[in-house]
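One structure is given below, encoded as structure tokens.
The values are calculated or read from the model by the stated rules, or taken from the named source; none is laboratory data. Because the structure is a prediction, the values reported are computed rather than measured. Cβ atoms come from the backbone with ideal geometry, glycine included; neighbour counts cover every protein chain shown.
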Amino acid sequence: MKTFAALDGALLVDKPAGPTSHDIVDVVRRQFGIQKVGHCGTLDPQATGLLILVLGQATKLSEKLMADDKVYSGHICFGTTTASYDADGEVVASLPVPLMTLDELNEAADSFCGDQMQSPPMVSAVKKDGVPLYKLARKGIEVERKPRLVHIYRFRFTEYQEPVGSFRIACTKGTYVRSIAHDLGHKLGCGAHLQTLRRHVSGRFDVEDAIQFEELVNLSQADLEKRVIPMFKLSAAS
């Protein structure tokens, strides 16, 4: 029977805005002396919420865990389009926002539900001939991106105060919510960008069960072991 160490498993972290997903991985690797640490799905630097870290032998399960469906919430700002489709990018267009009610906004959002072919934004980690798109974008190079199939289960706005709408979306892995925001703005004729994003759920894991990153960096090794989801539970989940 295969045996596992106490730190072979997954750790649920509530990522703050600012650090990259790799930054979080690097802190855990260095602080706790764990050689193998990975994560199951990148969050953009300014995005917050659930980041699943896999430790030790659990890194072998990262692809399976990454394949799970996701739930996000956030804010979309209408009337302003950016190069990166989010608030970090350079503004490339500003247009008047049409008068619309929350119901009308949700009617437009409903049209995005179901299967769709989505092209990743240029400012993304998707690779073209082995080179991440964001590196090409920094050089002012735009290339054709291969669309990929994603599925939107639900996309609803809960509040709208012009020009910002609060939304919640459930979708398959690999969905760029930034692209959804951009495409919705295009559909409405005014442009839009993703202002904030928070990941709540990935598969059966919820951010409510995650540890705050600020708390994580102060844990002892023994306390960290108590937070790790063991391998047998991960195998059942995957």
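Among the residues of the stretch 1-47 satisfying the criterion of being more than 18 Å from the chain's Cα centre (by Cα) and charged (D, E, K, R), which is nearest to GLN195 (Cα to Cα)?
Result: ASP26.
State yes or no: is SER124 crowded, with 18+ Cβ neighbours inside 10 Å, in contact with a helix residue (DSSP H, G or I) (Cβ under 9 Å, 6 or more places away or on another chain), hydroxyl-bearing (Ser, Thr, Tyr) and under 18 Å from HIS193 (Cβ atoms)?
Here the answer is yes, as SER124 does meet what is asked.
Per-residue answers, yes or no, for (1) among the aromatic types (Phe, Trp, Tyr); (2) in contact with a strand residue (DSSP E or B) (Cβ under 7 Å, 6 or more places away or on another chain); (3) closer than 23 Å to ARG168 by Cα:
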{"site": "ALA5", "(1), (2), (3)": "no, no, no"}
{"site": "ASP8", "(1), (2), (3)": "no, yes, no"}
{"site": "LEU11", "(1), (2), (3)": "no, yes, no"}
{"site": "THR20", "(1), (2), (3)": "no, no, yes"}
{"site": "ARG29", "(1), (2), (3)": "no, yes, no"}
{"site": "GLY33", "(1), (2), (3)": "no, no, no"}
{"site": "CYS40", "(1), (2), (3)": "no, yes, yes"}
{"site": "THR48", "(1), (2), (3)": "no, yes, yes"}
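Filter the stretch 48-66 for residues that are over 15 Å from the mean Cα position of the chain (by Cα) and over 15 Å from PHE205 (Cβ atoms); which is surrounded by the fewest Cβ atoms within 10 Å (Cβ to Cβ)?
Restricting to residues being over 15 Å from the mean Cα position of the chain (by Cα) and over 15 Å from PHE205 (Cβ atoms), the top hit is GLU63.
For the stretch 83-93, give me each residue that is part of a strand (DSSP E or B) and over 18 Å from the mean Cα position of the chain (by Cα).
Passing the criteria: VAL91, VAL92, ALA93.
Can you name the residue in the stretch 110-120 that is in a strand (DSSP E or B) and modelled with pLDDT under 95 and is also surrounded by the fewest Cβ atoms within 10 Å (Cβ to Cβ) among such residues?
MET117
May I ask you to list the residues in the stretch 49-88 that are out of contact with any helix residue (DSSP H, G or I) (no Cβ under 9 Å at 6 or more places or on another chain), among the hydroxyl-bearing types (Ser, Thr, Tyr) and at pLDDT 95 or above?
SER73, the sole residue that qualifies.
Does VAL123 satisfy the condition of being assigned to a loop (DSSP other than H, G, I, E, B), more than 24 Å from GLN46 (Cα to Cα) and among the hydrophobic types (A, V, I, L, M, F, W, C)?
In short, no.
Go through the stretch 154-183 and give me each residue that's in contact with a Pro (Cβ under 8 Å, 6 or more places away or on another chain) and either without any contact (Cβ under 8 Å) to a residue 40 or more places away in the chain or in a helix (DSSP H, G or I) (or both).
Within the stretch 154-183, ARG178, SER179, HIS182 meet the criteria.
If VAL54 passes every condition in (1) more than 29 Å from THR196 (Cβ to Cβ); (2) part of a strand (DSSP E or B); (3) not aromatic (Phe, Trp, Tyr) but one, which one does it miss?
Of (1) more than 29 Å from THR196 (Cβ to Cβ); (2) part of a strand (DSSP E or B); (3) not aromatic (Phe, Trp, Tyr), only one is false for VAL54: (1).
Looking at this structure, is LEU136 in a helix (DSSP H, G or I) and at pLDDT 95 or above?
Considered against the rule, which asks whether it is in a helix (DSSP H, G or I) and at pLDDT 95 or above, LEU136 comes out as no.
Looking at (1) part of a loop (DSSP other than H, G, I, E, B); (2) under 21 Å from GLN212 (Cα atoms); (3) at pLDDT 95 or above; (4) of a type in the set (A, V, I, L, M, F, W, C), can you tell me which one VAL97 breaks?
The number of the failed condition is (2).
Please enumerate the residues belonging to the stretch 184-238 that are among the basic types (Lys, Arg) and either exposed (fewer than 15 other Cβ atoms within 10 Å of the Cβ) or assigned to a helix (DSSP H, G or I) (or both).
LYS187, ARG204, LYS226, ARG227, LYS233
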